[in-house]
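Here the structure comes first, spelled out in structure tokens, and everything after it is commentary.
Just so it is clear, none of the values below were taken in a lab; they were calculated from the coordinates. For clarity, every value in this text was computed on a predicted model and none was experimentally measured. Because the Cβ atoms are built from the backbone with ideal geometry, glycine has one as well, and the counts that use them run over all protein chains shown.
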Amino acid sequence: MNIVKLHATTSTNDELKTRFRESKLPHLTTIYTIEQTQGKGQQGAKWISEKGKNLTFSILLSDLPLKITPFQINKLISVTIVEWLKIQLQIQARIKWPNDILSVQHKLAGILIENSFSGSQLSHAIVGIGLNVNQEVFDGLPKAISLRNLTGREFDLEELLISFLNMLENNLRNSSEVAQNYNNYLFKFNQSTSFQSKKGIFEGVVKGTDEEGKLILEVQNERLTFALKELKWIY
Ligand code: BTN
């Protein structure tokens, strides 16, 4: 395993991207940092994480199975995080489509995957993960939670990272089987919940995802699919 530890960087995703552009790095190279000064979240948001308290890291996936799609990678990573939390830490978590990991309905981790294509084939992916570990207070983020909040324990960040990477390495060997567990861990699967789209607030039952990664909802006996930007969860 090639793990690079940095005291500070802007964003581990950007750092890994730049280093990979400059020299060929091995598959599964991971950069993690004590302090991320310009952490990136989904859709242009910022990822703010207290210095030294949490895991902020990025993994290079360059040896990808042929024809794997961005959503299959997303499923593999999401399922791996949830299964790792369950097996290693006895924490129950759910995947809030498309990129959040929740526990007790609060956000424990976020995922930001940046894909690169060579023609129509995915050539590599930079998988960025922010996992709230030892931080106790999240000012202005009422829906955030950490492992410490959930368990009362303090965790060793490097130990957690290595244990997660081991599980990911294993899961990559049978990525399609792992990804099949996605619906089992999907937040609100087969349950009705509120959403907001450009048409307003409505109730829908979560029925899964399609191949492209759109969310399938049953709304008044009709199956509708929604892309990431078309939908906001209200929970
Ligand atoms: C989100 O929930 O919006 C996604 C958050 C992803 C945060 C991680 S922290 C490590 C990696 N580097 C970044 O700049 N972002 C991701």
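Efficiency by 1/(1 + (r/R0)^6): what FRET value for residue 48 and residue 174, r their Cβ-Cβ distance, R0 = 45 Å, to the nearest 0.05?
0.80
Where both partners of a DSSP beta bridge lie in the chain, what percent of those bridges are antiparallel, to the nearest 5?
So the antiparallel bridges in the chain amount to around 85 percent.
Taking a cut-off of 15 Å, what percent of all Cα-Cα pairs in the stretch 192-234 are separated by more than that?
That fraction is 32 percent.
Share of antiparallel DSSP beta bridges in the stretch 1-88, in percent to the nearest 5?
40 percent
Please get the size of the charge dipole for the stretch 192-234, origin at its Cα centre, with Cβ charges of +1 on Lys and Arg and -1 on Asp and Glu, quoted in debye to the nearest 20.
220 debye
Once each part is reduced to its C-alpha centroid, what is the distance from the stretch 21-60 to the stretch 95-163 in angstrom?
11 Å
State the three equivalent ellipsoid semi-axes of the chain, derived from the C-alpha gyration tensor as the square roots of 5 times its eigenvalues, in descending order and whole Å.
27, 22, 17
Using 0.36 nm per residue, how much length does the chain from residue 212 to residue 139 gain when fully extended, once their Cα-Cα distance is taken away?
Difference between extended and current length: 22.8 nm.
Under unit Cβ charges (Lys, Arg +1; Asp, Glu -1), what dipole magnitude, rounded to 20 debye, does the stretch 33-156 have relative to its Cα centre?
For this selection, approximately 320 debye.
Under a Cβ-only charge scheme (Lys and Arg +1, Asp and Glu -1), can you give me the dipole magnitude of the stretch 23-97 about the Cα centre, in debye to the nearest 20?
With Lys and Arg at +1 and Asp and Glu at -1, about 200 debye.
What are the aspartates and glutamates whose alpha-carbon lies under 15 Å from the alpha-carbon of residue 40, with same-chain residues fewer than 8 places away excluded?
Hits, sequence-local ones excluded: 14, 15, 50, 100, 114.
Which whole-number percentage describes the relative contact order of the stretch 192-234, with Cα contacts under 8 Å and a sequence gap of 6 or more?
Taking the mean separation of contacting Cα pairs over the length of the stretch 192-234, I get 37 percent.
Write down the Å³ per residue value for the convex hull defined by the alpha carbon atoms of the stretch 1-96.
Expressed per residue, the convex hull around the Cα atoms of the stretch 1-96 is 135 Å³.
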